[in-house]
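What follows is a set of notes on a single structure, which appears directly below.
The values are calculated or read from the model by the stated rules, or taken from the named source; none is laboratory data. All figures in this text were calculated on a predicted structure; none of them were measured in a lab. Ideal geometry is used to build each Cβ from the backbone, glycine not excepted, and the neighbour counts take in all protein chains shown.
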Amino acid sequence: MDNVLARTRPADTTAYVASFMRRVYNWMGLGLLVTAGVAFAISQGYPSGALWKFAADPFVHFGAFVAMIVIMLVMGRRFEAMQPSTATTLFFAIAVLMGISLSAIFIRYTGTKIFGTFLVTGAMFGAMSAYGYFTRRDLSAWGKFLMMALVGLILAMVFNLLMGAFTGAKVTWLNYVISIIGVVIFAGLTAHDTQRLKEMALEGLGDAATAHKASIFGALNLYLDFVNMFMFLLYLFGGDD
C-alpha cells in the first residue's frame, strides 16, 4: 500500500491525521457490528435451524476461512486499481464471513462471558492503539518480530490440533499458553498497526479515493487484531464452557 501513497503533506497535519484515524475506527466498528450481528443471528437457529445447520457444516467453516484469505490477498494485490466501493464491499464480505465462522461462540459460551470478554478486549485494544498513536518510540521493529511470532503461534496451534486429532490427547496447558501468547502478539500488532496508519496519514494519502481505500485497509488490519485478541481472551476467560 505504501508504494501508491502520495507524499504530499497536508497543510493541517494534525486535523488530517485525526480525521483519517476516525474513519479507520468507524469502519472497524461497523465491521465488528456486522460480524457480531451475523454470528448472533445464525446462533439463534441452534440446533435445528436451516441457517445454523448450514453455518455449522465443517466445509462451510473451512470455505469461509479460505474465502477470507483469498479476499484479503486480492485486496492487497489490487489496491491501486481497486475502486473504493469495491474495497468497502470486500471489507464487509470479510466481516460477514467472520460472523459465520464465529457463530458457534454464542452456543459454546454464555452471553455474560462474551460481553465481559468484549469489554476487556475493547479496553486492551484502546490502550494499545492509544500507545501506538501517541508514543514517540519507533515500533517498526515490532512488526517483523510479531509476524515471526505469529507464524510460530500458528505452527503451535496446528501441532496442537493434530495431536488432538490423531491421539485424542487434550493438552489444556498448551491451549492456555497459546492463548496468552496470542493475546500478547495481537496487542502488540494493534500498537504497531496504529502507528503505521498514523505515519501513512502524516505523509499524505493522495486523493480522496486513495484515502478512502487506505482507511478501509487500515480498518481491516485493526479489525483482525481486535477479533483475534477477543478470541484468545475468550478462551482464557471462558475455558471449555
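One residue stands out among those in region 127-145 that are assigned to a helix (DSSP H, G or I) and either of a type in the set (A, V, I, L, M) or within 14 Å of the chain's Cα centre (by Cα) (or both): the one that is nearest to residue 188 (Cα to Cα), which is 128.
For every residue, the table says whether it meets (1) of a type outside the set (Phe, Trp, Tyr); (2) without any contact (Cβ under 8 Å) to a residue 40 or more places away in the chain; (3) under 30 Å from residue 207 (Cα atoms).
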| position | (1), (2), (3) |
| --- | --- |
| 82 | yes, no, yes |
| 94 | yes, no, yes |
| 108 | yes, no, no |
| 141 | yes, yes, yes |
| 154 | yes, yes, no |
| 160 | yes, yes, no |
| 173 | no, yes, no |
| 176 | no, no, no |
| 180 | yes, no, no |
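Residues that are part of a loop (DSSP other than H, G, I, E, B), surrounded by fewer than 18 Cβ atoms within 10 Å (Cβ to Cβ), in contact (Cβ under 8 Å) with a residue 24 or more places away in the chain and not hydrophobic (A, V, I, L, M, F, W, C) do occur in region 205-225.
Annotation: of all residues in region 115-152 being among the aromatic types (Phe, Trp, Tyr) and surrounded by fewer than 15 Cβ atoms within 10 Å (Cβ to Cβ), the one that is farthest from residue 229 (Cα to Cα) is 134.
Here residue 31 passes the criteria (1) assigned to a helix (DSSP H, G or I); (2) modelled with pLDDT under 95; (3) small (Gly, Ala, Ser); (4) in contact with a helix residue (DSSP H, G or I) (Cβ under 6 Å, 6 or more places away or on another chain) except the one numbered (2). Of all residues in region 1-18 being surrounded by 15 or more Cβ atoms within 10 Å (Cβ to Cβ) and outside any loop (DSSP other than H, G, I, E, B), which is modelled with the highest pLDDT? By that ranking, first place goes to 17.
Return yes when residue 155 is surrounded by 15 or more Cβ atoms within 10 Å (Cβ to Cβ) and modelled with pLDDT of 85 or more and no when it is not. Criteria not met by residue 155. Within region 67-114, the set of residues being in a loop (DSSP other than H, G, I, E, B), surrounded by fewer than 12 Cβ atoms within 10 Å (Cβ to Cβ) and of a type in the set (Gly, Ala, Ser) comprises 81 only.
Could you tell me whether any residue of region 184-198 is of a type in the set (Phe, Trp, Tyr), at negative phi, loosely packed, with under 15 Cβ neighbours inside 10 Å and without any contact (Cβ under 8 Å) to a residue 60 or more places away in the chain? Within region 184-198, none of the residues are of a type in the set (Phe, Trp, Tyr), at negative phi, loosely packed, with under 15 Cβ neighbours inside 10 Å and without any contact (Cβ under 8 Å) to a residue 60 or more places away in the chain.
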